[in-house]
Amino acid sequence: MSDQTRFLLNESDLPKSWYNINADSPVAPAPVLRPDTLEPVTPDFLAVLFPMDLIMQEVSTERYIQIPEEVREIYKLYRPTPLIRARRLEKALGTTAHIYYKNEGVSPAGSHKPNTAIPQAFYNKIAGTKALTTETGAGQWGSALALAGNFFDIDVEVYMVKVSYTQKPYRRVFMESFSAQVFASPTDRTNYGRSILASDPNSPGSLGIAISEAVEVAATSGGKKKYSLGSVLNHVLMHQSVIGEEALKQMDMANEYPDVVIGCVGGGSNFAGIAYPFLRENLKNGRKTRLLAVEPTAAPSLTKGAYTFDYGDTAKMAPIVKMYTLGHGFVPPSIHAGGLRYHGMAPSLSAFYDTGLIEAKAVKQKATFEAALQFAKAEGIIPAPESAHAIRAAIDEALDAKAKGEKRVILFNLSGHGNFDMGAYEAYINGKLEDYEYPAEAVHAAMSELPKVSILA
Ligand SMILES: *Cc1c(COP(=O)(O)O)cnc(C)c1O
C-alpha cells in the first residue's frame with residue numbers, strides 16, 4: 001500500500017486501444033431491431049445515422065480496437081485523469097475502508113463524455129459528415145460534443161430538453177461558445193417536435209423526445225448530417241474503457257486492488273467505462289471484484305424496470321434493443337434534480353445485470369445530495385449530481401465495512417464535477433428537494449406500449 005494521495009500516470013500511459021467487452025462477454029447479444037419493421041437492423045439502416053467506422057465498432061467482437069493518433073492527441077489535453085485516494089473522506093467517515101476515485105471531472109467539458117465525443121467527431125470527420133445532431137438533458141453531453149465538433153470543424157446541433165434549457169442557461173452558453181446551435185426541445189423544427197407542441201404547448205420535454213428530434217433531423221438531411229449518441233450504444237461504452245484501463249494501472253501504483261467498483265448509471269457509459277476492464281479481470285483472471293451500478297429511485301430502470309425489447313426513443317425512430325426499461329414514454333418527475341433520466345439501459349450492461357455479473361442499487365435523492373456535500377467538504381470537489389449517486393453508494397460501502405471492521409478497497413468513478421449544477425444544490429440546501437420513488441405500477445402500465453417483438457428467443 002502506498003502513502004500517496006494522488007496517483008498520476010504519464011502521457012505515455014494513455015491507453016493505445018479501447019477494450020471491447022463483447023470479445024469476452026459470456027452472454028450472446030440480443031439482436032438490434034428496426035423500429036418500423038421489427039426486423040434485425042442492417043448496416044445500411046444504421047448508415048443513415050452513423051458513419052461506417054462507428055457501425056463496425058458497434059458490432060465488433062475484436063477485443064482491442066486501436067485509438068487513432070488524432071484522438072489520442074486530443075485525449076492528452078486531459079488524460080490520463082488522476083486517481084485519488086479520498087483520505088479526508090475516509091477520516092470523516094472513520095472507516096476502515098480505503099476509498100479511491102477516478103476523477104473524470106478534469107476534462108474540459110467537466111465529465112467523462114468527451115472520451116466518446118472526441119472519437120465520434122473524428123470518425124464523422126473522416127467520413128465527410130458536415131454536421132452532427134444530438135440531444136442533451138442536463139447539458140453535459142451537448143457540451144462534450146460541442147467541444148469535439150469544434151476540434152474537428154464539424155457543426156453541432158443540440159436538442160436540449162426544454163426544462164434544462166430554461167434551468168441551465170450557462171450550459172447552453174458553454175455549447176454556444178464552441179459554436180454549437182442549441183434548441184429547446186420540443187422545437188418547431190421537426191415533425192415530431194411540432195406534434196408534441198400541438199398536443200401540449202407547455203411540454204417540458206424529455207430525453208426520449210429530444211433524441212427523436214435529433215434523429216429526425218439527421219435522417220431527413222440527405223446524408224449531410226449524422227446523429228451522435230452519448231451513451232447506451234456499444235461503441236460509446238467501449239470508448240469509455242480508457243477510464244478503467246487507466247484505473248487498473250493506478251490501483252497497481254497504489255499497491256491495492258478494488259473489492260468493489262462503483263459507478264452511477266444513466267445509460268451506462270461511465271459505469272461501463274470504469275467497470276468493464278475490471279469485469280475482464282473477473283472473467284479471465286479469476287478476480288472477484290464486485291461491480292455496482294447506482295441509479296436514482298426516481299428513474300430506476302435496472303432495479304424496477306423490465307428486461308425486454310423497447311424503443312430507444314419516444315417517437316419510435318431509433319432502433320429497438322433488449323434492455324432494462326421503464327418504457328420509452330417515461331418522463332422523469334420534475335422534482336428529480338439528479339440527472340440519470342434515460343428510460344433504458346445499455347444492452348450489454350442489462351445483460352450482465354440479468355446474469356448476475358454486476359449488481360445494482362437505487363438511491364434516494366436527498367441522501368444522494370447529502371453524500372455529495374459530505375464528499376465536497378472532505379475532498380474539495382462539488383460533484384455532478386449524477387456522480388453523487390456513486391458517492392452515496394461508496395460511502396454506504398465504507399460505512400458497512402466500518403460496521404463489520406473490514407478493510408474494503410472501494411473504487412468509484414467521479415464522472416463529473418457539479419460546477420454548472422448550482423441550481424440543484426441550491427434547491428437541496430433550501431430544503432426544496434423531495435425523495436421520489438417511481439411507482440412499479442407505472443412501469444407495469446408502460447409495458448403495453450412495448451414493440452410486439454416475436455423473435456423473443
Ligand atoms: C451523462 C452523465 C452521466 C450518465 O450517463 P452514463 O452514460 O450512464 O454515464 C453520469 N455522470 C455525468 C457527470 C454525466 O454527465
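The values are calculated or read from the model by the stated rules, or taken from the named source; none is laboratory data. Please read all numbers here as calculations on a predicted model, not as lab measurements. So basically every Cβ, Gly included, is an ideal-geometry build from the backbone, and we count neighbours across all protein chains shown. Calculation scope for accessible area: heavy atoms of the full protein, side chains included, ligands and nucleic acids excluded. Shrake-Rupley method; radii C 1.70, N 1.55, O 1.52, S 1.80 Å.
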- prompt: What net charge do the residues around A427 carry, taking every other residue with its C-beta under 14 Å from that of A427, with Lys and Arg at +1 and Asp and Glu at -1?
  reply: -2
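If you roll a 1.4 Å probe over the heavy atoms of the protein chains, what accessible area per residue do you get for the chain, in Å²?
Details: 17280 Å² over 457 residues.
Per-residue value: 38 Å².
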query: Hey, quick one: spin label on R87, modelled 7 Å out along Cα-Cβ, who in segment 1-23 has an amide N within reach, i.e. under 13 Å?
result: 2-7
message: Give me the one-decimal nm value for the distance between modelled label points at I429 and A367, 7 Å along each residue's Cα-to-Cβ direction.
response: 2.5 nm
message: Please list, in order, the residues from segment 72-108 whose amide nitrogen is less than 20 Å from a point placed 7 Å along the Cα→Cβ vector of S177.
response: 74-79, 104-108
field: Extended-chain gain in nm, criterion 0.36 nm per residue less alpha-carbon gap, M1 and V27
entry: 5.8 nm
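Using a 1.4 angstrom probe on heavy atoms only, work out the carbon and sulfur share of the accessible area of segment 305-457 in %.
Working: 3200 of 6060 Å².
About 53 percent, which is the carbon plus sulfur part of the accessible surface.
In segment 147-227, how does Rg compare with the Kirkwood Rh, expressed as the Rg/Rh ratio over alpha carbon atoms? Walk me through the numbers before you get to the answer.
Working: Rg = 12.8 Å, Rh = 13.1 Å.
Value, to two decimals: 0.98.
Above 21 angstrom, tally the Cα pairs of segment 1-130 and express them as a % of all pairs, no decimals. Mind dumping the intermediate values first?
Numbers: 4956 of 8385 pairs.
It works out to 59 percent of all Cα pairs.
Would you mind calculating the gained length between N419 and E437 on full extension (0.36 nm times residue separation, minus the Cα-Cα distance), in nm to one decimal? Intermediate values should be presented prior to the final figure.
Values: separation 18, 0.36 × 18 = 6.48 nm, distance 2.66 nm.
Here the answer is 3.8 nm.
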query: Which stretch or stretches of segment 307-334 have amide N atoms under 15 Å from the point lying 7 Å from D354's Cα along the Cα→Cβ direction?
result: 307-311, 320-327
task: Let me have the 222 nm mean residue ellipticity of the chain computed from DSSP H runs of 4+ only, each contributing -39500 (n - 2.57), with the sum over all residues rounded to the nearest 500.
output: -12000 deg cm²/dmol
R0 of 35 Å, Cβ-Cβ distance Q66-K288: FRET efficiency to nearest 0.05: 0.70
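Kindly identify the chain as rounded, prolate or oblate by the Cα gyration tensor criterion: order the square roots of the eigenvalues as a ≥ b ≥ c, call it rounded if a/c is under 1.5, otherwise compare a/b with b/c, prolate if a/b is larger, else oblate. Working shown, then result.
Working: a/c = 1.41, a/b = 1.29, b/c = 1.09.
Rounded.
Rounded, prolate or oblate: pick one for segment 210-334, where a ≥ b ≥ c are the square roots of the eigenvalues of its C-alpha gyration tensor, a/c under 1.5 means rounded, and failing that, prolate if a/b is larger than b/c, else oblate. Walk me through the intermediate numbers first.
Values: a/c = 2.70, a/b = 1.72, b/c = 1.57.
Cα axes put segment 210-334 in the prolate bin.
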Peptides ranked, highest mean first, by Cβ atoms within 10 Å: ranges 435-448, 368-381, 134-147: 134-147, 368-381, 435-448
DSSP beta bridge pairing in the chain, given as percent antiparallel to the nearest 5: 35 percent
message: What percent of all Cα-Cα pairs in segment 288-372 falls into each 10 Å bin, going from 0 up to the bin containing the maximum distance?
response: 18, 46, 30, 6, 0
task: Excluding residues fewer than 8 places away in the same chain, name every one of the aspartates and glutamates whose C-alpha is closer than 15 Å to that of K288.
output: E256, D259, E359
message: Can you give me the distance in nm between label points at K377 and S17, each placed 7 Å from the Cα along the Cα-to-Cβ direction?
response: 4.7 nm
field: Residue-span extension gain [Y257 to S195] - 0.36 nm each, minus C-alpha spacing
entry: 17.1 nm
field: Global geometry of segment 52-113, whether rounded, prolate or oblate, following the gyration tensor of its Cα atoms and the 1.5 cut on a/c
entry: prolate
- prompt: Along each of its three principal axes, how wide is the spread of alpha-carbon positions in segment 331-451, in whole angstrom units, largest first?
  reply: 47, 36, 24
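One-quarter of the Cα convex hull surface for segment 130-288, in nm²? Let's see the in-between values first.
Values: hull surface 45.7 nm².
Mean shadow area of the hull around the Cα atoms is 11.4 nm².
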- request: Report relative contact order for the chain in percent, whole number only (criteria: Cα-Cα under 8 Å, sequence separation at least 6).
  value: 20 percent
- request: In whole Hz, with x marking every Gly and Pro, tabulate ³J(HN,Hα) for segment 166-183 from phi via Karplus 6.51 cos²θ - 1.76 cosθ + 1.60, θ = phi - 60°.
  value: 6, 7, 10, x, 6, 5, 4, 5, 4, 5, 5, 4, 9, 6, 7, 9, 10, 10
field: 10 Å beta-carbon shell around T96, net charge (K/R +1, D/E -1)
entry: +2
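If you take every residue apart from Y307 with its C-beta less than 12 Å away from the C-beta of Y307, what net charge results, scoring Lys and Arg +1 and Asp and Glu -1?
Details: positive: K304, K322; negative: D310, D354.
Residues near Y307 contribute 0 overall.
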